[in-house]
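**Q** Quick one: the structure is below, and I'll ask about it shortly.
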Amino acid sequence: MAFYKFRDTSIIAHIYTSHFGRQSFIVKGIRSAKANNKMALFQPLSLLEMEIYHKDGQEIHQIKEYKTSVVYQSIPFNQNKSAVTIFLAEILTKTLKDTHSNEYLLQFLFDSFTEFDLKKTDYQNFHLYFLMNLSAFLGYSVSNAKEFAVELPVNLTSREFEILDKLINNENIVIQNLERRVVLEKIMIWYKTHFDGLGKINSLEVLQEVFDF
């Protein structure tokens, strides 16, 4: 999902795995000159096949072998898509804490990101649909915008009700940039009502201002 630098040449990577849920791994030497650009494999939302050393009760584990599972065709080269992946990686890092296997969640993540990568058009609302679908795995899904509004400490306009109903039911809808920005802000407020520790999402400002999403 995400990583941070560790010592001179290593990283600690937070990865959602098939057997152990979210886990942290040390990847040694990957930032050295001899690593042959392997850091690219650990960019936000990369999909990997790994062989790991896992010990119960241990906070940080080791990766024996790793390789890419899906080579993204557009995400690394599309600034808008890259901004979305950085934003979603930050959301996932702050919300996925479970260390138990969830094959349905893993499949959802895999399918969502591969589909996003392949889309050439009509992907501007991907992150909105993704956040509403992710909420079901986090334990607080809603079936319509009225249920959403009950848990929200701010009011929704009739247009926002319409948009959210479409998002919740995975129905297509055309959304203007300003509408997208406002609806995302409402969704983030909703997320924060369920995650007290969510805090500031640093990548949100980049997503909204630099790329006008």
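FYI, it's all coordinate maths here, none of it is from the lab. Computed from a predicted structure; not experimentally measured. Note: ideal-geometry Cβ built from the backbone for every residue, glycine included; neighbour counts use all protein chains shown.
**Q** Among N170, I15, I189, whose Cα sits farthest toward the positive end of the charge dipole of the chain (+1 at Cβ of Lys/Arg, -1 at Cβ of Asp/Glu, about the Cα centre)?
**A** It is I15, whose Cα lies furthest towards the positive end.
**Q** Add +1 for every Lys or Arg and -1 for every Asp or Glu among the other residues with Cβ under 12 Å from the Cβ of L106, and state the total.
**A** So the surrounding residues net to -2.
**Q** So how far apart, in nm, are the two label points at F110 and Q73 if each is 7 Å from Cα heading toward Cβ?
**A** 1.9
**Q** Something else about it: Determine the sum of side-chain charges near N172: Lys and Arg each +1, Asp and Glu each -1, restricted to other residues whose C-beta is under 15 angstrom from that of N172. Write out the running numbers ahead of the final one.
**A** Working: positive: K119, K166, R180; negative: E115, D122, E162, D165, E171, E179.
Once positives and negatives cancel, what remains is -3.
**Q** Using alpha-carbon pairs under 8 Å, 6+ residues apart, how would you state the relative contact order of the chain in percent? Write down the numbers at each step before the final one.
**A** Values: 264 pairs, mean separation 37.9, N = 213.
Relative CO of the chain lands at 18 percent.
**Q** Between the range 147-213 and the range 22-45, how far is it from one alpha carbon centroid to the other, in angstrom?
**A** Using only Cα atoms, the two centres lie 33 Å from each other.
**Q** Right, another one. Determine the alpha carbon to alpha carbon distance for each of K81/K120; K146/K200; K97/K146 and list only those over 21 Å.
**A** K146/K200; K97/K146
**Q** Further question: Sticking with the crude label model, points 7 Å out along Cα→Cβ, report the distance from E162 to I201 in nm, one decimal please.
**A** Using points 7 Å along Cα→Cβ, the separation is 2.4 nm.
**Q** For the peptides 177-185, 151-159, what is the packing order when you average, over each peptide's residues, the other Cβ atoms within 10 Å and list the highest mean first?
**A** Answer by packing, highest mean first, reads 177-185, 151-159.
**Q** Still on this model: Express the relative contact order of the range 64-149 as a whole percentage, based on alpha carbon pairs under 8 Å and six or more residues apart in sequence. List each step's numbers first, then the result.
**A** Values: 27 pairs, mean separation 25.6, N = 86.
RCO, the range 64-149: 30 percent.
**Q** Right, another one. Note down the relative contact order for the range 16-86 as a percent, whole number, built from C-alpha pairs under 8 angstrom at least six residues apart. Don't skip to the end; give the middle numbers.
**A** Working: 72 pairs, mean separation 19.9, N = 71.
Once divided by the residue count of the range 16-86, the mean separation gives 28 percent.
**Q** Read phi for every residue in the range 43-58 and hand back ³J(HN,Hα) as whole Hz from Karplus 6.51 cos²θ - 1.76 cosθ + 1.60, θ = phi - 60°, with x for Gly and Pro.
**A** 6, x, 6, 5, 10, 10, 9, 9, 10, 10, 9, 10, 10, 4, x, 8
**Q** Kindly put H194, H127 in sequence by how many other C-beta atoms sit within 10 Å of each C-beta, fewest to most. Display every interim value, and only then the final one.
**A** Numbers: H194 13, H127 22.
By the 10 Å Cβ count, ascending, the order reads H194, H127.
**Q** If each Cα of the chain is one equal point scatterer, what is log10 of I(q)/I(0) from the Debye formula at q = 0.11, 0.19 Å⁻¹?
**A** Calculated log10 I(q)/I(0) at the listed q: -0.56, -1.52.
**Q** Would you pull out the residues with amide H under 5 Å of A2's amide H, same chain only if 5 or more places away, H placed 1.01 Å from N?
**A** Close amide H contacts, sequence-distant or interchain: H14.
**Q** Return the calculated 222 nm mean residue ellipticity for the chain, to the nearest 500 deg cm²/dmol, obtained by summing -39500 (n - 2.57) across DSSP H runs with n ≥ 4 and dividing by the residue count.
**A** Details: 7 runs with 85 residues, N = 213.
-12500 deg cm²/dmol, from helical runs alone.
**Q** What is the magnitude of the charge dipole of the range 2-68 about its Cα centre, with +1 placed on the Cβ of each Lys and Arg, -1 on the Cβ of each Asp and Glu, and no other charges, expressed in debye to the nearest 20?
**A** Result for the range 2-68 is approximately 280 debye, rounded to the nearest 20.
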